[in-house]
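Engineer: Pasting in a structure now, in structure tokens, and then I'll have a few things to ask.
The values are calculated or read from the model by the stated rules, or taken from the named source; none is laboratory data. Since we're looking at a predicted model, the values are computed, not measured. Every residue, glycine among them, receives a Cβ derived from its backbone with ideal geometry; neighbour counts consider all protein chains shown. In case anyone asks, the SASA skips ligands and DNA or RNA and just uses the protein heavy atoms, side chains included. Shrake-Rupley method; radii C 1.70, N 1.55, O 1.52, S 1.80 Å.
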Amino acid sequence: PSNLTYKKPLGPGDPMPNLKLPTPNGDSLALRSLLDGKHYLLIDMWADWCKPCRASAPELKEFAEKHKDKIKLLGVSPHNINDAVTKYTTKYGHDWTQALTTKEFMKNFLADEYPRYILVDPQGKIISLKTYPHLVEGIIK
């Protein structure tokens with residue numbers, strides 16, 4: 001099914017479900033549409049009110065540029081107002097795809113804190129539900 005919901009939270013080794021997330025411009029994004037079999041996917045859960053998110057935003061931009069040949073990023077935010085997403089992503093230069101979280105996403109990915117980084121391999125298998133860009137560098141070499 002395209003909108004698979006697991007009975008228990010996901011963990012390392014599980015396939016990433018094809019949850020559909022709303023985008024800031026009102027469209028819908030299927031998570032698995034970001035997989036291309038070549039690039040890892042790092043899901044960056046952020047919020048503009050989150051001090052650690054803002055503090056790590058410049059480093060995340062550097063990480064994304066340094067590893068653009070090996071990894072794609074997806075920003076996932078709890079905001080439901082396009083302006084909040086636009087202001088944050090413009091301020092920090094986060095030019096990758098952005099989506100808005102849902103209760104289903106939060107439940108499936110045990111996403112209960114910010115920032116949160118979720119790493120998925122190129123084939124769609126979850127590597128980690130809680131990692132950091134500096135740890136991802138060792139995995140994607």
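Engineer: Using a 1.4 Å probe over the heavy atoms of the protein chains, calculate the carbon and sulfur portion of the accessible area of the chain as a whole percent.
Structural biologist: Values: 3980 of 7370 Å².
Here carbon and sulfur together make up 54 percent of the probe-accessible area.
Engineer: Give the percent of DSSP beta bridges with both residues in the chain that are antiparallel, rounded to the nearest 5. It would help to have the intermediate numbers written out before the result.
Structural biologist: Numbers: 12 of 22 bridges.
Bridges in the chain that DSSP calls antiparallel: roughly 55 percent.
Engineer: Can I ask one more? A 26 angstrom limit on the alpha carbon distance is what I want to check against. Which of LYS91/LYS141; LYS66/LYS87; LYS38/LYS103; LYS20/LYS125 exceed it? Please list the in-between numbers first.
Structural biologist: Numbers: LYS91/LYS141 29 Å; LYS66/LYS87 23 Å; LYS38/LYS103 29 Å; LYS20/LYS125 17 Å.
Table pairs above 26 Å Cα-Cα are LYS91/LYS141; LYS38/LYS103.
Engineer: OK, next. So, R0 is 41 Å and r is the distance between the beta-carbons of THR102 and LEU135; what FRET efficiency does that work out to, to 0.05?
Structural biologist: Values: r = 26 Å, r/R0 = 0.64.
The computed FRET efficiency comes out at 0.95.
Engineer: What is the set of long-range amide H partners of HIS79 at a cut-off below 5 Å, with H atoms built 1.01 Å from backbone N?
Structural biologist: Residues meeting the criterion, in which the H sits 1.01 Å from N, are THR101.
Engineer: Which value in deg cm²/dmol, rounded to the nearest 500, describes the helix-derived mean residue ellipticity at 222 nm for the chain, given -39,500 (n - 2.57) per DSSP H run of n ≥ 4 and division by the residue count?
Structural biologist: Rounded to the nearest 500, it is -8500 deg cm²/dmol.
Engineer: While we're here: Under a 1.4 angstrom probe, counting protein chains only, how are ASP83, ASP48 ranked by accessible area, largest first? Kindly include the intermediate steps, with their values, before the conclusion.
Structural biologist: On the way: ASP83 95, ASP48 55 Å².
The ordering from most to least exposed comes out as ASP83, ASP48.
Engineer: How large is the convex hull of the C-alpha atoms of segment 1-128 per residue, in Å³? Intermediate results must be reported in sequence, preceding the final value.
Structural biologist: On the way: hull volume 12.5 nm³, N = 128.
In segment 1-128, the Cα hull volume divided by residue count equals 98 Å³.
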